[in-house]
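Enquirer: I have a structure here, written as structure tokens, and I will follow up with some questions on it.
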Amino acid sequence: LYFREVDRTTASLYALIHRGSRGDRDFYRRACAGGARVLELGSGAGRMAIELANRGHHVTGIDIEPELLAIARAEAAGSDGEPRLRWLEGDMRSLSLAERFDRVVVPYNTLCCLLSNADLRRCMLAARDQLEPSGKLVFDIYRGDPDSTVDDTEEHLVRIEHEGKCWDVFERAVASRDPMRADTRYRFAADDGEELVHCIEQRLIDDEEMLGALAAAGFSLESKAGGFDGEPLDDESPHLVVVARR
Ligand SMILES: C[S@@+](CC[C@H](N)C(=O)[O-])C[C@H]1O[C@@H](n2cnc3c(N)ncnc32)[C@H](O)[C@@H]1O
């Protein structure tokens, strides 16, 4: 699994270095306009859910990782949107919420955490079942060429401060073509010698497979773009950004 049994410090450090993609907040705000109830799959540390709740939406965030949900709750405390937020521990491959939503959003490459096409299709079906008849599914995933992302060298990413300690963050990408994977290993080294390692398993999903899973679940495509400002999708596009109708 993506993030199981991670301790609070590792989850916090992870959240500090994953602040989203440029332009994604505005894009999701626009995509959710007119939708009162929003379900976010893989809501993580709450970045997007809190943003949307602050804008007036009623947002349910689901994540499989309890430590990230705890961070999200703490982040939301005292925000304008807090009364409109609900956090649930759950698996996006098998949702069974009683209510229906106007939008199901899956920001920031979260679908890449589903390591098989079967899991991806299960998630698409589950998302569709949670939508109102007029509802929409909105997501983005990154696109990458595994051959050009293979990189076995560890790079110093950033130095961050967390609870009075300074942490150097090192990142190592380990991509492969068969299966198409873009795993990442983070090493956090504190100034007092403490060291934490966190590995993320992620799949690279090609456009055909992604759009095929969407269609197989019964969605119809409203728009697909190569970025958050409607850039046309081409071979070089860094993201696949999709809005689909139920
Ligand atoms: C890249 S983060 C995205 C966080 C958040 N959506 C954002 O935009 O900042 C992916 C999240 O998906 C969660 N996740 C991975 N697999 C999951 C699953 N099967 N069900 C629910 N959440 C999952 C992870 O725990 C992580 O918080």
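The values are calculated or read from the model by the stated rules, or taken from the named source; none is laboratory data. Every value quoted in this text rests on a predicted model; they were computed, and no experiment measured them. Glycine gets a Cβ as well: all are built from the backbone with ideal geometry, and neighbour counts include every protein chain shown. What goes into the accessible areas is simple: the full protein's heavy atoms, side chains included, and nothing from ligands, DNA or RNA. Shrake-Rupley method; radii C 1.70, N 1.55, O 1.52, S 1.80 Å.
Enquirer: Given the range 152-246, what strands (runs of 3 or more DSSP E) lie entirely inside it while holding 1 or more residues that are open to solvent by less than 20 Å² (accessible area, probe 1.4 Å)?
Expert: 165-176, 181-190, 195-200, 220-225, 239-245
Enquirer: Only one of (1) open to solvent by 30 Å² or more (accessible area, probe 1.4 Å); (2) within 13 Å of the ligand (Cβ to nearest atom); (3) in a helix (DSSP H, G or I) fails for Ala15. Which number is that?
Expert: (1)
Enquirer: Filter the range 80-107 down to the residues that are crowded, with 16+ Cβ neighbours inside 10 Å and assigned to a strand (DSSP E or B), then identify the one that is farthest from the ligand (Cβ to nearest atom).
Expert: Top of the filtered list is Asp102.
Enquirer: Among the numbered criteria (1) buried (at least 19 other Cβ atoms within 10 Å of the Cβ); (2) within 12 Å of the ligand (Cβ to nearest atom); (3) at pLDDT 95 or above, which single criterion is violated by Ala76?
Expert: Of (1) buried (at least 19 other Cβ atoms within 10 Å of the Cβ); (2) within 12 Å of the ligand (Cβ to nearest atom); (3) at pLDDT 95 or above, only one is false for Ala76: (2).
Enquirer: Hey, can you tell me all the residues within the range 111-142 that are buried (at least 18 other Cβ atoms within 10 Å of the Cβ), in contact with an Asp or Glu (Cβ under 9 Å, 6 or more places away or on another chain) and either hydroxyl-bearing (Ser, Thr, Tyr) or in a loop (DSSP other than H, G, I, E, B) (or both)?
Expert: The one that is buried (at least 18 other Cβ atoms within 10 Å of the Cβ), in contact with an Asp or Glu (Cβ under 9 Å, 6 or more places away or on another chain) and either hydroxyl-bearing (Ser, Thr, Tyr) or in a loop (DSSP other than H, G, I, E, B) (or both): Gln130.
Enquirer: Then there's this: Are any of the residues in the range 39-51 surrounded by fewer than 19 Cβ atoms within 10 Å (Cβ to Cβ), acidic (Asp, Glu) and either in contact with a Lys or Arg (Cβ under 7 Å, 6 or more places away or on another chain) or at negative phi (or both)?
Expert: The answer is no, given that none of the residues of the range 39-51 is surrounded by fewer than 19 Cβ atoms within 10 Å (Cβ to Cβ), acidic (Asp, Glu) and either in contact with a Lys or Arg (Cβ under 7 Å, 6 or more places away or on another chain) or at negative phi (or both).
Enquirer: Any residue in the range 59-69 that is among the aliphatic types (A, V, I, L, M), farther than 30 Å from Trp167 by Cβ, open to solvent by less than 10 Å² (accessible area, probe 1.4 Å) and under 13 Å from the mean Cα position of the chain (by Cα)?
Expert: no
Enquirer: Which of (1) more than 13 Å from the ligand (Cβ to nearest atom); (2) within 20 Å of the chain's Cα centre (by Cα); (3) modelled with pLDDT of 95 or more is the odd one out, the single condition Ala127 does not satisfy?
Expert: That leaves (1) as the condition not met.
Enquirer: What tally of residues in the range 37-60 results from selecting those that are of a type in the set (Val, Ile, Thr) and either within 11 Å of the ligand (Cβ to nearest atom) or in a loop (DSSP other than H, G, I, E, B) (or both)?
Expert: So the count comes out to 1.
Enquirer: Check off (1) more than 9 Å from the ligand (Cβ to nearest atom); (2) open to solvent by 70 Å² or more (accessible area, probe 1.4 Å); (3) at pLDDT below 95 for Thr10 and give me the number that stays unchecked.
Expert: All conditions are met except number (2).
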